[in-house]
Amino acid sequence: AASTSLLGMGKAKKWCLLANNNDSSLIKNQLTYDFADYIGVKYQPHCKPVDVYVNQQYYGSYQLAEKVEIKSNRINVTDAYENLEIANGTTDSVTGIVTPADLTGTAVTTYNPYSTGTSIINITNLPDHSVSSKRYSTGLTNPTDITGGYMYELEISNRWVNENAGFCAYNRQGWVMKSCDYATQEMVDYSYNLLYALGSSVYNNGTVPSSSTTTNCSSLSTASTYTQGPKSITNPAPESQYQGKKWSELLDADSAVKYYWTQEYFKNMDSSTSSTYFYKDSDSIDPMLYAGPVWDMDNSIGYDQSGERWGYSWTSYSGWYTKNTRIYRWRSKDSTTTYSDDTQAPRSFYGALANNCADFWGMAQSYWYSVISPATEILLGNAVDPNGVLHSTEYYVNTVAKSNTMDNLRLSLNSGNAWDYAGIISGMNSWFTNRNTWINSEIPQVD
C-alpha cells in the first residue's frame with residue numbers, strides 16, 4: 001500500500017480508527033491531541049472525526065487518527081527494528097540490494113533469573129513481576145546500532161510479558177519496546193539498563209542510586225489476599241554508567257513536564273498505566289529519552305462522570321490525580337475491580353517524578369502559568385491560536401454535531417435521539433474553568 005495523506009494529515013500507510021466508546025462527547029481525543037501539539041509535545045499524532053460506512057451501511061462516528069509509530073511523518077527517529085530486519089535480510093549477489101527479513105513467527109524467550117527459587121527481590125515463576133525478567137529473541141543478528149531508535153511504553157505489570165520485546169524494571173514496573181515486533185537480547189538489555197536507571201532515579205530524589213535500594217510496601221494486605229510475592233522489593237544497583245546521573249540527564253525535562261500536564265490537567269484515568277509513551281533516537285544522534293506522544297484520552301475530562309482510582313477522583317475538577325497514581329496491577333494476579341489494594345503499591349512513574357523530584361515539580365509549577373493555563377484559555381474561547389492548531393470547546397463540538405446526532409439515532413441512546421450540544425459545551429467549559437481555579441489555588445505564582 002502506498003503512503004496516503006488523509007484529511008490534511010501527513011502521508012502514511014497505517015492509520016487508526018478510534019471508536020471513542022467511553023466518550024459520549026466524541027471530542028476528547030481530538031481536543032487533547034491538539035492541546036498536546038499546541039503546547040509543544042513533539043510528534044503528537046492528530047485525529048479527525050469521520051463517519052464510517054461499510055458496503056453502504058452506516059457504522060457510526062469514529063476518529064481517524066495518525067498511528068503512534070516510528071516513521072518520517074510520525075516519530076521521526078532512527079528505526080532500530082527496521083535495521084534489525086535489514087541485518088537479518090538477504091543480499092542479492094549481483095546488485096548488492098538487501099531485502100529486509102520478515103521476522104514474523106520468530107521465537108521469543110522469556111528470561112526470568114529467579115524461576116527456580118524464591119527471592120526477596122522477585123516472585124517465583126512469575127516473570128511479569130520479577131525485576132530483570134525480559135522477553136527477547138535469540139538467533140538474530142543485531143542491527144549495527146543497538147542504541148536506537150526506539151519507542152517505549154509503560155505497561156500494566158501483569159501485561160508486558162504478553163509482548164515479544166519488553167522487561168520488568170525498577171519496582172516491578174513493566175515496559176514494552178513498542179516499536180519492535182521482536183528484539184535481540186542485546187537490544188533488550190540496552191533498553192532495560194536505560195529505563196531501569198531512569199526508573200530508579202524518580203524513586204530516589206531524582207538521582208540514579210549507586211547501590212541496591214529497597215521499596216517497602218509492608219502496609220499491603222495480609223497473606224490471605226496478598227499471594228503474589230514479597231511486600232518488600234530490593235532493587236539491584238543500576239548499571240555503573242548511569243549511577244549518579246539526574247533524571248533530567250536521561251529524560252528530556254521539557255518534554256516530561258509538558259506530557260505530565262496533558263495527563264494531570266485533563267485527569268486521564270489511564271495516566272502512567274498504559275499508552276504512556278517515550279521515544280529516543282540512536283545515541284550517536286541524540287542519547288536523550290523524550291516523553292510522549294499523548295495517546296488514548298477518551299477516559300479524561302470527566303465533567304459528566306463520577307469515578308475514582310487509587311483512592312483519587314479522576315472525574316472531579318479538583319485534586320491532583322496523575323501525581324497520585326500507582327503502578328497498576330502491581331499485585332500480580334490481582335483481579336479486584338475496586339483497585340483499593342493497588343493504593344498500597346508504589347507510585348507510578350509520573351507520580352514518583354512529581355512527588356520525589358523537586359526540580360521537576362518546580363518546572364511543572366512554572367509551566368502551569370507560562371504554558372498550560374494560557375492554552376486552556378483557547379479551549380474556553382477567551383483566546384485564539386493564530387496558527388489554528390488548538391480551538392475552543394465549542395469548535396470541537398461543532399465538528400461532530402451532525403455526526404453525533406446521527407450516531408445517537410443509530411444507537412438509540414435516548415428517546416428523543418437528541419444530542420445535547422449546549423450541555424457538552426457548558427459542561428466541559430465549566431469543568432475547565434473550575435479546574436483552573438483549583439490549580440491556581442494550589443500553585444503559587446512567582447513574579
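Annotations
- Computed from the C-alpha gyration tensor, the three semi-axes of the ellipsoid equivalent to the chain are 35, 29, 22 Å, from longest to shortest.
- Tensor-based shape of region 1-140 (alpha-carbon gyration tensor, a/c under 1.5 rounded, otherwise prolate or oblate): oblate
- Only helical runs count toward this figure. For the chain, summing -39,500 (n - 2.57) over DSSP H runs of n ≥ 4 and dividing by all residues gives -8500 deg cm²/dmol at 222 nm.
- Pairwise alpha-carbon distances in region 1-83 exceed 15 Å for 63% of all pairs.
- Expressed as a whole percent, the accessible area of the chain that falls on carbon and sulfur atoms is 46 (1.4 Å probe).
- One compactness figure for region 363-404 is 1.39, namely its Cα radius of gyration divided by 2.2 N^0.38 Å.
- Rolling a 1.4 Å probe over the protein heavy atoms leaves Phe360 with an accessible area of roughly 0 Å².
- Shown is the FRET efficiency for Glu377 and Lys48, computed with R0 = 35 Å from the Cβ-Cβ distance and rounded to the nearest 0.05: 0.90.
- Ranking Gly311, Tyr259, Pro293 by Cα position along the charge dipole of region 247-312, where only Lys, Arg, Asp and Glu carry charges on their C-beta atoms, puts Gly311 farthest toward the positive end.
- Taking 32 Å as the limit for the C-alpha separation, the pairs Lys71/Lys258; Lys14/Lys245; Lys14/Lys323; Lys13/Lys245; Lys11/Lys402 exceed it in the case of Lys14/Lys245; Lys14/Lys323; Lys13/Lys245.
- Highest-MSF residue in the chain out of Val384, Val98, Val68 [GNM, Cα springs under 10 Å]: Val98
- Dipole magnitude (debye, nearest 20) for the chain, charges at Cβ of Lys, Arg, Asp, Glu: 780
- Of the DSSP H helices in the chain, those that are both long (alpha-carbon extent of 27 Å or more along the helix axis) and hydrophobic (Kyte-Doolittle mean at least -0.5) are 421-442.
- Rolling a 1.4 Å probe across all protein chains gives Met406 an accessible area of roughly 60 Å².
- Rounded accessible area of His46 (nearest 10 Å², 1.4 Å probe): 60
- Rounded to whole Å, sorted largest first: equivalent-ellipsoid semi-axes of region 142-195, Cα gyration tensor: 18, 11, 9
- Coordinate range of the alpha-carbon atoms in region 94-206 per principal axis, descending: 58, 34, 19 Å.
The values are calculated or read from the model by the stated rules, or taken from the named source; none is laboratory data. The model shown is predicted, which means the values in this text are computed figures rather than measured ones. Ideal geometry is used to build each Cβ from the backbone, glycine not excepted, and the neighbour counts take in all protein chains shown. Quick note on the areas: whole protein, heavy atoms, side chains included, nothing else; ligands and nucleic acids left out. Shrake-Rupley method; radii C 1.70, N 1.55, O 1.52, S 1.80 Å.
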